[in-house]
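**Student:** Got a structure for you, questions after.
Every read-out reported here was derived from the displayed coordinates using simple, explicitly stated rules and does not represent laboratory data. The structure displayed is predicted, hence computed values, not measured ones. Methodologically, a virtual Cβ is constructed for each residue, glycine included, from the backbone with ideal geometry; neighbour enumeration extends over all protein chains shown.
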Amino acid sequence: MGKSSQKIVILTGAGISAESGLGTFRDAGGLWAQHRIEDVATPEGFARNPDLVHGFYNARRVQAAGADPNPAHQALARLQREHPGEVVIVTQNVDGLHEAGGAQRVLHLHGTLAGALCAACSHRWAAPMEMQTGQPCPACAAPAGRPDVVWFGEMPYFMEEIYAHLAGADLFAAIGTSGEVYPAAAFVDEAHLAGAHTVELNLEPSATASRFSERRFGPASETVPAWVAELLRQS
Ligand code: OAD
């Protein structure tokens, strides 16, 4: 198959937004050094202390709204625009920086800060900048509004669609993700099984680095535009 028609599937994680000023989870001083996952990223934590959980996501929503996409987000949007084949972006990030950088199709497998979800009827609506405990659902009026983010113990979104894309991938890249959280950390294996070339772009080797056929290390704002330029030269 010519390189021009190859299907590219890209998985991104918090590292791609680090240079936009948004904290990662597992780096020194990251979000999980400051907060307990059980408290702010599980349904049980939300049931125990919804004020704390809303406070955590309200702060992240404000931070994300004030952040700008960086050259890595913009390069992926350029790849989507200019590569003749299909380019699918799957992100674990709940910020909207891929879209702000011009990306067209982004599958948010861990949900998004921009969304609110009714825990009673599953209705979704645009989240206000500050969500509050007991936020009423506009559809069923239950005081059950929560951030539309996927917590530990919950099923990530778009899984069927993502696995279908991986099964058809010619090239798979993981960018700025530690490879610590499943199922996303296993996407490289699915892509490999499908015969795809696999590449990791990360600041340093991730937990899954040895499972990739190619590795490129450095800040995403540098490695991603360089990789995209190379791909576009070949296509
Ligand atoms: P992590 O914080 O686990 O990993 C971020 C990765 O980005 C690390 O491997 C860093 O080395 C790398 N990194 C940091 N700065 C970078 C830069 N400037 N350029 C390139 N890479 C850089 O974040 P994720 O892998 O996204 O889920 O975490 C996965 C999931 O764990 C999140 O979606 C979230 C979290 O718990 C839920 O909350 C459900």
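**Student:** Determine, yes or no, whether residue 190 is loosely packed, with under 14 Cβ neighbours inside 10 Å and more than 16 Å from the ligand (Cβ to nearest atom).
**Tutor:** No; evaluated as a whole, the condition is false for this residue.
**Student:** Restricting the search to the range 154-183, which residues are within 22 Å of residue 43 (Cα to Cα) and out of contact with any His (no Cβ under 8 Å at 6 or more places or on another chain)?
**Tutor:** Result: 154, 155, 159, 180, 181, 182, 183.
**Student:** Give the range 67-90 a look and list any residue that's more than 14 Å from residue 18 (Cβ to Cβ) and either within 14 Å of the chain's Cα centre (by Cα) or of a type in the set (Lys, Arg) (or both), or say none.
**Tutor:** 76, 78, 81, 88, 89, 90
**Student:** Here is a further query. How many residues are closer than 21 Å to residue 174 by Cβ, buried (at least 19 other Cβ atoms within 10 Å of the Cβ) and among the aliphatic types (A, V, I, L, M) if we restrict to the range 65-121?
**Tutor:** 14
**Student:** Hey, another quick one. Select from the range 200-224 the residues that are of a type in the set (A, V, I, L, M, F, W, C) and part of a loop (DSSP other than H, G, I, E, B) and write down the one among them that is farthest from the ligand (Cβ to nearest atom).
**Tutor:** Here the residue is 212.
**Student:** Quickly run through the range 4-40 and pick out the residues that are in contact with a strand residue (DSSP E or B) (Cβ under 8 Å, 6 or more places away or on another chain) and of a type in the set (A, V, I, L, M, F, W, C).
**Tutor:** Of the residues in the range 4-40, the ones in contact with a strand residue (DSSP E or B) (Cβ under 8 Å, 6 or more places away or on another chain) are 6-13, 15-16.
Within the range 4-40, 8, 9, 10, 11, 16 meet the criteria.
**Student:** Output the residues belonging to the range 29-78 that are within 14 Å of the ligand (Cβ to nearest atom), of a type in the set (S, T, N, Q) and touching a residue at least 12 places away in the same chain (Cβ under 8 Å).
**Tutor:** If the condition is that a residue be within 14 Å of the ligand (Cβ to nearest atom), of a type in the set (S, T, N, Q) and touching a residue at least 12 places away in the same chain (Cβ under 8 Å), then 42, 70 are the ones that fit.
**Student:** Among the residues of the range 146-187, write down those that are in a helix (DSSP H, G or I), near the ligand (Cβ under 9 Å from one of its atoms) and in contact with a strand residue (DSSP E or B) (Cβ under 8 Å, 6 or more places away or on another chain).
**Tutor:** 184 - this is the single residue of the range 146-187 that is in a helix (DSSP H, G or I), near the ligand (Cβ under 9 Å from one of its atoms) and in contact with a strand residue (DSSP E or B) (Cβ under 8 Å, 6 or more places away or on another chain).
**Student:** Moving to a separate point now. Please enumerate the residues belonging to the range 145-174 that are without any contact (Cβ under 8 Å) to a residue 60 or more places away in the chain and in contact with a Lys or Arg (Cβ under 9 Å, 6 or more places away or on another chain).
**Tutor:** The answer is 148, and nothing else.
**Student:** Being under 17 Å from residue 6 (Cβ atoms), surrounded by fewer than 22 Cβ atoms within 10 Å (Cβ to Cβ) and not charged (D, E, K, R) is the filter here; which residues of the range 166-187 pass it?
**Tutor:** 167, 168, 171
**Student:** List the number of the failed condition for residue 156; all other conditions in (1) farther than 30 Å from residue 55 by Cβ; (2) in contact with a helix residue (DSSP H, G or I) (Cβ under 9 Å, 6 or more places away or on another chain) hold.
**Tutor:** (1) is the only condition that residue 156 fails.
**Student:** Can you tell me which residues in the range 17-46 are of a type in the set (A, V, I, L, M, F, W, C) and touching a Gly at 6+ places or on another chain (Cβ under 6 Å)?
**Tutor:** Our first condition is that a residue be of a type in the set (A, V, I, L, M, F, W, C); within the range 17-46, this holds for 18, 22, 25, 28, 31-33, 37, 40-41, 46.
If the condition is that a residue be of a type in the set (A, V, I, L, M, F, W, C) and touching a Gly at 6+ places or on another chain (Cβ under 6 Å), then 31 is the only one that fits.
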